[in-house]
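To start, the structure itself, in structure tokens.
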Amino acid sequence: MEKKLYLRNILDIRKSKNRTESYPTKSSEEQSDVEDSVLKKYEDLHIKLKINPNLPELLKEQHKKYLLSTIVYLSHAYECLDASRPWLCYWILHPLSLMGVRLDDTRKSHIVKFLGKCQSPSGGFGGGPGQFPHLAATYSAVNALVILGTEEAYNIIDRKKLQEFLLSVRQPDGSFAMHIGGEIDIRGAYCALAVASLTGILTMDLFKDTAEWIVSCQTYEGGFSGCPGMEAHGGYAFCGLSALVILQKGHLCDKQALLRWLVHRQMRLEGGFQGRTNKLVDGCYSFWQGGAFPLLYSLLAKDGNTPQDHLFDERALQEYLLICCQSPTGGLLDKPGKIRDVFHTCYTLSGLSVAQHFLEEIRILGPSKNGIACTHPLYNIRPDIVRKALLYYNNLGTPKQENQTGNM
């Protein structure tokens, strides 16, 4: 069932400006500057509505063209991401799939072969051909291959070696290092759980004590930090909650504290989310924060408290993404004044998907053609694509482990 959403009243938006109470700081000044730029976007749109009442519009064709062009060519600005090349594949493929773009088999095969070159002989994937295996690169490579969804893509993953790689970075307390000898934080646990569950290699021995370590990362604010004792952050909160849900241990965290922290990350005027307390809005957090809500809904439902509506303002979030985060030539961005990139294109469209879908309802701001596909909140891949991969890999069974000790 589709429900049409309408824009917020511009007068109400103006009244929601941040108040410094006569004690301005650098942070409050930066916040005021962002609010001014966002408010101008909203005011301009309300003027344009007199000419085109169908605004705001998702510029799908421009975004498709931009993303398809980046598959074969990226500007020199992306040189700094040479160690994140599987991420680039995922950031391009996922938003295309949300907009219903299907690549031809030849192009899919080229991407699969490239990702195969990023796979390490010792298991897992590196950030590029010949690079050391890394959990973040492994997560993005597996996601990209699952999105491609061909038998060639599924079979390129060496599941036994992948399992061995996960064992090699597992720590005695249940946490995971991002690579051998690398940093240990909550991203590692999530990336390991995501790829293990998607490819059918998850075992309880591999993730013994992981849930308890993740819970130790929940902070006094209610969100999750990268490791115990640090500051709550949107990306880490998503990783922590998703990992617990995969382990079916979501009940171990303080759900009400997490929900309170999450709802306070949505900005009153802008409508988008910030990543941390006292930070600026950023389009990418529309997924990192927004994607946590459907996971919380599932946990609340188990307690008999099924939400009857989104617990964030989905209308305000869609306003921010459609009015403030689109480049007119394609691609999406952090906030007004920033440049487009494939990272923000991926996560702003993912956040838009979350805002548009609530249980069986579709809630769209603007014309119906603004609608995009649903995304699976655990993996940030379309649910039908996830189901297809799970069926394929679960039918293969779990690889036998010759050595389960790893770093345990």
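Taking θ = phi - 60°, what integer Hz values does the Karplus form 6.51 cos²θ - 1.76 cosθ + 1.60 yield along segment 182-191, in sequence order, with x for Gly and Pro?
Calculated HN-Hα couplings, in order: x, 5, 10, 7, 5, 4, x, 4, 5, 4 Hz.
Can you tell me the Rg and Dmax of segment 318-408, counting just the alpha carbons, in angstroms?
18.6, 56
Tell me the accessible surface of VAL34 in square angstrom (1.4 angstrom probe, heavy atoms of protein chains only), to the nearest ten.
Counting only protein heavy atoms, VAL34 exposes about 10 Å² to solvent.
Scan around PHE358 for amide H atoms under 5 Å from its own, H built in the peptide plane at 1.01 Å from N, and keep only partners 5 or more places away or cross-chain.
Under 5 Å from the amide H of PHE358: ARG363.
Could you work out [θ]222 nm for the chain from helices alone, using -39500 (n - 2.57) per DSSP H run of at least four and dividing by all its residues? Round to the nearest 500 deg cm²/dmol.
Values: 17 runs with 190 residues, N = 408.
After summing the helix terms and dividing by the residues of the chain, the value is -14000 deg cm²/dmol.
Where a ≥ b ≥ c are the square roots of the eigenvalues of the C-alpha gyration tensor, would you call the chain rounded, which needs a/c under 1.5, or, failing that, prolate if a/b is larger than b/c, or oblate?
Details: a/c = 1.78, a/b = 1.39, b/c = 1.28.
It comes out prolate by the Cα gyration axes.
How do THR219, THR306 stack up against each other in accessible area, from largest to smallest, with a 1.4 angstrom probe?
Values: THR219 25, THR306 70 Å².
Heavy-atom accessible area, descending, gives THR306, THR219.
Given Cα pairs under 8 Å that are at least 6 residues apart, what percent is the relative contact order of segment 207-366? Write out the running numbers ahead of the final one.
Values: 249 pairs, mean separation 29.4, N = 160.
The value is 18 percent.
Averaged per residue, what accessible surface does segment 137-218 expose to a 1.4 Å probe, in Å²?
Working: 2320 Å² over 82 residues.
Ligands and nucleic acids excluded, the figure is 28 Å² per residue.
Could you tell me which of rounded, prolate or oblate describes segment 1-96, using a ≥ b ≥ c as the square roots of the eigenvalues of the alpha-carbon gyration tensor, with rounded for a/c under 1.5 and, failing that, prolate when a/b is larger than b/c and oblate otherwise? List each step's numbers first, then the result.
Details: a/c = 2.77, a/b = 1.38, b/c = 2.00.
Verdict is oblate for segment 1-96.
So what is the relative contact order of segment 57-199, in percent, for Cα pairs below 8 Å that sit 6 or more residues apart?
Working: 176 pairs, mean separation 29.4, N = 143.
Relative CO of segment 57-199 lands at 21 percent.
Under the Karplus relation 6.51 cos²θ - 1.76 cosθ + 1.60, θ = phi - 60°, what is the ordered set of whole-Hz ³J(HN,Hα) values for segment 13-29, x standing for Gly and Pro?
5, 4, 6, 8, 4, 5, 10, 8, 6, 6, 10, x, 10, 4, 5, 5, 5
With Cβ to Cβ distances under 12 Å as the rule, what net charge do the other residues near LYS48 carry (K, R +1; D, E -1)?
Details: positive: LYS41, LYS50; negative: GLU43, ASP44, GLU57.
Here the charged neighbours net out to -1.
Over segment 244-351, with the other protein chains present, what is the accessible area per residue in square angstrom, probe 1.4 angstrom? Could you put the intermediate results ahead of the total?
On the way: 3860 Å² over 108 residues.
Here the residues of segment 244-351 average 36 Å² of exposed surface.
Go through LYS338, LYS117 and list them by solvent-accessible area, largest first, probe radius 1.4 Å. Mind showing how you got there, number by number?
Details: LYS338 110, LYS117 140 Å².
Heavy-atom accessible area, descending, gives LYS117, LYS338.
Which of LYS113/LYS369; LYS255/LYS369; LYS65/LYS388 have a Cα-Cα distance over 31 Å?
Working: LYS113/LYS369 34 Å; LYS255/LYS369 35 Å; LYS65/LYS388 27 Å.
Distance filter (> 31 Å) returns LYS113/LYS369; LYS255/LYS369.
When all protein chains stay in place, what accessible area (Å², nearest 10, 1.4 Å probe) is found for MET267?
Around 30 Å² of this residue is reachable by solvent.
At 1.4 Å probe size, with the rest of the protein present, what percent of the exposed accessible area of the chain is carbon and sulfur atoms? Walk me through the numbers before you get to the answer.
Details: 9580 of 18010 Å².
Answer for the chain is 53 percent, counting heavy atoms of protein chains only.
Have a look at CYS374, CYS253, CYS80 and tell me which one the Gaussian network model of the chain (Cα, springs below 10 Å) gives the largest fluctuation.
CYS80
So for the pair ASP303, SER16, with labels modelled 7 Å out along Cα→Cβ, what separation do we get in nm?
About 2.6 nm separates the two model spin labels.
Would you mind getting the accessible area per residue of segment 9-112, heavy atoms of the protein chains only, 1.4 Å probe, in Å²? Mind showing how you got there, number by number?
Details: 6460 Å² over 104 residues.
Per residue, segment 9-112 has 62 Å² of solvent-accessible surface.
Which residue fluctuates most in the GNM of the chain (Cα springs below 10 Å): GLY240, GLY149, GLY130?
Evaluated over the chain, the most mobile residue of the options is GLY130.
Heads up, I need the accessible area for PHE114: 1.4 angstrom probe, whole protein in place, Å², nearest 10.
It works out to around 50 Å².
With a 10 Å cut-off between alpha carbons and a GNM built on the chain, which of ASP173, ASP104, ASP82 moves the most?
Of ASP173, ASP104, ASP82, the most mobile in the Gaussian network model is ASP104.
How would GLU212, GLU79 line up by accessible area, probe 1.4 Å, largest first?
Solvent-accessible surface, decreasing: GLU79, GLU212.
The values are calculated or read from the model by the stated rules, or taken from the named source; none is laboratory data. Note that this is a predicted model, so its numbers are computed, not measured. Using ideal geometry, Cβ is built from the backbone for each residue, glycine included, and neighbour counts are taken over all protein chains shown. Note: accessible area is taken over every heavy atom of the protein model, side chains too, but ligands, DNA and RNA are not part of it. Shrake-Rupley method; radii C 1.70, N 1.55, O 1.52, S 1.80 Å.
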